[in-house]
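Chemist: Here it is: the structure, laid out below.
The values are calculated or read from the model by the stated rules, or taken from the named source; none is laboratory data. On a predicted model such as this, the values are computed, not experimentally measured, just so you know. All Cβ positions, even for glycine, are placed from backbone atoms using ideal geometry, and neighbour counts span all protein chains on display.
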Amino acid sequence: MVRPMTLFGVVPPLVTPLTPSYEVDTASLARLVQYQLAGGVDGLFLLGTSGEGTFLTDEQRQVVLETVVGEVAGQVPVLAGVIDTSTARVGAHISQALKAGVAGLVATAPFYAATHPAEIERHFTRLSELAEGTPLYAYDIPARVGTKLPTALVISLAQAGVIAGVKDSSGEEPSLRRLVMERRDAGLKEFAIMTGSEVAVDSALAFGVDGVVPGLGNVDPAGYVRLFGATSAEAWDEQERLIRLFDIVEVADRSRMGASSAALGAFKAALYLLGVIDCPVTAYPGIPFDEAELAALRPLLDQAGLHSPA
């Protein structure tokens with residue numbers, strides 16, 4: 001069984017700043033943490049998709065964990081992505097994260113090998129045992145894992161006390177709404193449901209999710225905090241501003257890089273232009289933004305009211 005931890009609000013999945021030689025830039029990471037805290041976030045999620053956790057070495061992951069946990073100093077919960085292909089490998093990441101003192105763990109279903117729902121259930125049940133009471137959250141991201149977590153399985157794992165919540169990055173709003181309905185019908189009041197969408201947060205909040213884990217929150221944490229706390233009319237306007245800001249992920253020349261480099265590169269490039277991090281490179285073999293792409297980002301940041309330091 002997991003111990004209680006309230007997960008709600010805005011919990012950005014932090015990018016991992018790197019040096020030009022692809023080491024973790026701890027000074028930039030510390031500034032990024034302070035930028036998030038100043039924006040009023042309710043928690044931080046490390047080593048997820050935006051954090052390029054699966055691209056980092058175990059040693060680099062440990063540096064990220066220890067740097068952020070130390071910098072946050074208990075001000076908000078820190079969740080660690082423990083994402084890997086197999087139960088055994090995830091278990092090793094759990095041990096590493098617990099050593100660093102995180103407040104929660106986030107895991108996907110196993111990937112690469114095809115799995116059955118019964119095997120996914122065994123996976124999360126074993127991870128919960130290894131978590132030793134630290135809350136475990138399921139990460140539903142079928143575009144990366146190749147498997148959509150069935151609603152019935154999520155509810156069953158919640159009822160069994162195996163998982164404390166879910167981050168839904170499926171992009172399937174009807175499925176997410178059904179999960180909210182099923183949670184209500186099952187009386188799972190403490191089970192957290194977070195959306196990973198950047199662009200449909202207002203509607204998801206309206207039908208009952210507890211918060212958002214937005215990659216774009218790296219760039220504009222305060223905007224998502226305003227959106228979370230807004231009235232319906234205010235939320236509409238704030239969401240539309242953030243949708244326009246999300247156009248930064250379309251800036252990169254897709255003929256020379258993949259979608260992940262384009263999106264994560266945009267987040268890092270924006271933070272670089274805003275003076276938060278020192279270098280915008282993505283983890284190898286990701287291709288970084290060039291000068292033309294950096295220049296194309298500037299007007300989008302200005303339009304969103306985010307300005308580079310003088």
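Chemist: Being of a type in the set (S, T, N, Q) and buried (at least 23 other Cβ atoms within 10 Å of the Cβ) is the filter here, so list the residues in region 50-66 that pass it. Write out each step before concluding.
Modeler: Our first condition is that a residue be of a type in the set (S, T, N, Q); within region 50-66, this holds for 50, 54, 57, 60, 62.
Passing the criteria: only S50.
Chemist: Kindly evaluate G91 against the criterion of being at pLDDT 95 or above, under 30 Å from T147 (Cα atoms) and out of contact with any strand residue (DSSP E or B) (no Cβ under 6 Å at 6 or more places or on another chain). Break it down stepwise before answering.
Modeler: On the way: at pLDDT 95 or above: yes; under 30 Å from T147 (Cα atoms): yes; out of contact with any strand residue (DSSP E or B) (no Cβ under 6 Å at 6 or more places or on another chain): yes.
The answer is yes for G91.
Chemist: Please list, ordered by residue number, the helices (runs of 4 or more DSSP H) wholly in region 46-163 having 1 or more residues that are in contact (Cβ under 8 Å) with a residue 40 or more places away in the chain.
Modeler: Values: elements: 58-72, 87-100, 117-130, 142-145, 151-159.
In region 46-163, 58-72, 87-100, 117-130, 142-145 are the helices (runs of 4 or more DSSP H) which contain 1 or more residues that are in contact (Cβ under 8 Å) with a residue 40 or more places away in the chain.
Chemist: Which one of R126, R177 is out of contact with any Cys (no Cβ under 9 Å at 6 or more places or on another chain) and more than 23 Å from A80 (Cα to Cα)? Show your work before the answer.
Modeler: Working: R126 fails: more than 23 Å from A80 (Cα to Cα).
The conditions single out R177.
Chemist: Test of understanding: among Y112, Y139, which residue is under 16 Å from D84 (Cβ atoms), out of contact with any Pro (no Cβ under 6 Å at 6 or more places or on another chain) and surrounded by fewer than 18 Cβ atoms within 10 Å (Cβ to Cβ)? Before the answer, list the steps.
Modeler: Working: Y139 fails: surrounded by fewer than 18 Cβ atoms within 10 Å (Cβ to Cβ).
After ruling out the rest, the residue left standing is Y112.
Chemist: Please indicate, with yes or no, whether at least one residue in region 222-241 is out of contact with any helix residue (DSSP H, G or I) (no Cβ under 8 Å at 6 or more places or on another chain), over 13 Å from P12 (Cα atoms) and acidic (D, E).
Modeler: Initial filter on region 222-241 (out of contact with any helix residue (DSSP H, G or I) (no Cβ under 8 Å at 6 or more places or on another chain)): 229, 231, 233, 237, 240.
From what is left, the residues that are over 13 Å from P12 (Cα atoms) are 229, 231, 233, 237, 240.
Next, only the ones that are acidic (D, E) stay: 237, 240.
Yes - at least one qualifying residue is present in region 222-241.
Chemist: The conditions are (1) out of contact with any Ser or Thr (no Cβ under 7 Å at 6 or more places or on another chain); (2) over 15 Å from V199 (Cα atoms); (3) in contact (Cβ under 8 Å) with a residue 12 or more places away in the chain, and C279 fails exactly one of them. Which is it?
Modeler: (1)
Chemist: Another question, if that's okay. Tell me which residues, restricted to region 149-181, are basic (K, R) and under 17 Å from the mean Cα position of the chain (by Cα). Working first, answer last.
Modeler: The initial filter retains those residues of region 149-181 that are basic (K, R), namely 167, 177-178.
If the condition is that a residue be basic (K, R) and under 17 Å from the mean Cα position of the chain (by Cα), then K167 is the only one that fits.
Chemist: Quick check: is even one residue across region 272-282 of a type in the set (A, V, I, L, M) and farther than 15 Å from V15 by Cβ?
Modeler: Filtering region 272-282 for residues of a type in the set (A, V, I, L, M) gives 273-274, 276-277, 281.
Right, trim to farther than 15 Å from V15 by Cβ and you get none.
No - not one qualifying residue is present in region 272-282.
Chemist: Within region 204-248, how many residues are surrounded by 19 or more Cβ atoms within 10 Å (Cβ to Cβ) and modelled with pLDDT of 95 or more? Break it down stepwise before answering.
Modeler: Narrowing region 204-248 to residues surrounded by 19 or more Cβ atoms within 10 Å (Cβ to Cβ): 204-205, 209-221, 223-228, 235, 238-239, 242, 245-246, 248.
From what is left, the residues that are modelled with pLDDT of 95 or more are 204-205, 209-221, 223-228, 238-239, 242, 245-246, 248.
Counting residues in region 204-248 that are surrounded by 19 or more Cβ atoms within 10 Å (Cβ to Cβ) and modelled with pLDDT of 95 or more gives 27.
Chemist: Run down V41, V106 and say which single residue is among the aliphatic types (A, V, I, L, M), within 21 Å of V166 (Cα to Cα), in contact with a Lys or Arg (Cβ under 8 Å, 6 or more places away or on another chain) and buried (at least 18 other Cβ atoms within 10 Å of the Cβ).
Modeler: Details: V41 fails: in contact with a Lys or Arg (Cβ under 8 Å, 6 or more places away or on another chain).
Selected residue: V106, the only one of V41, V106 that is among the aliphatic types (A, V, I, L, M), within 21 Å of V166 (Cα to Cα), in contact with a Lys or Arg (Cβ under 8 Å, 6 or more places away or on another chain) and buried (at least 18 other Cβ atoms within 10 Å of the Cβ).
Chemist: Still on this structure: State whether one or more residues within region 261-275 are within 19 Å of G53 (Cβ to Cβ), modelled with pLDDT under 95, within 17 Å of the chain's Cα centre (by Cα) and surrounded by fewer than 19 Cβ atoms within 10 Å (Cβ to Cβ).
Modeler: Here is the first cut: in region 261-275, the ones within 19 Å of G53 (Cβ to Cβ) are 261-268, 271.
So of that shortlist, the ones also modelled with pLDDT under 95 come out as 261.
Restricting the remaining residues to those that are within 17 Å of the chain's Cα centre (by Cα) gives 261.
Adding the requirement that they be surrounded by fewer than 19 Cβ atoms within 10 Å (Cβ to Cβ) leaves none.
Within region 261-275, none of the residues are within 19 Å of G53 (Cβ to Cβ), modelled with pLDDT under 95, within 17 Å of the chain's Cα centre (by Cα) and surrounded by fewer than 19 Cβ atoms within 10 Å (Cβ to Cβ).
Chemist: Right, another one. Filter region 182-212 for residues that are within 26 Å of R122 (Cα to Cα) and touching a residue at least 12 places away in the same chain (Cβ under 8 Å) and give the result. So that I can check it myself, show each step before the final result.
Modeler: The initial filter retains those residues of region 182-212 that are within 26 Å of R122 (Cα to Cα), namely 182-196.
Scanning region 182-212 gives E182, R183, R184, A186, L188, E190, F191, A192, I193, M194, T195, G196.
Chemist: Further, regarding this structure: Name the single residue, out of those in region 10-23 being buried (at least 20 other Cβ atoms within 10 Å of the Cβ) and over 16 Å from A222 (Cβ atoms), that is farthest from the chain's Cα centre (by Cα).
Modeler: L18
Chemist: In region 184-201, which residues are surrounded by fewer than 22 Cβ atoms within 10 Å (Cβ to Cβ) and part of a helix (DSSP H, G or I)?
Modeler: The answer is R184, D185, A186.
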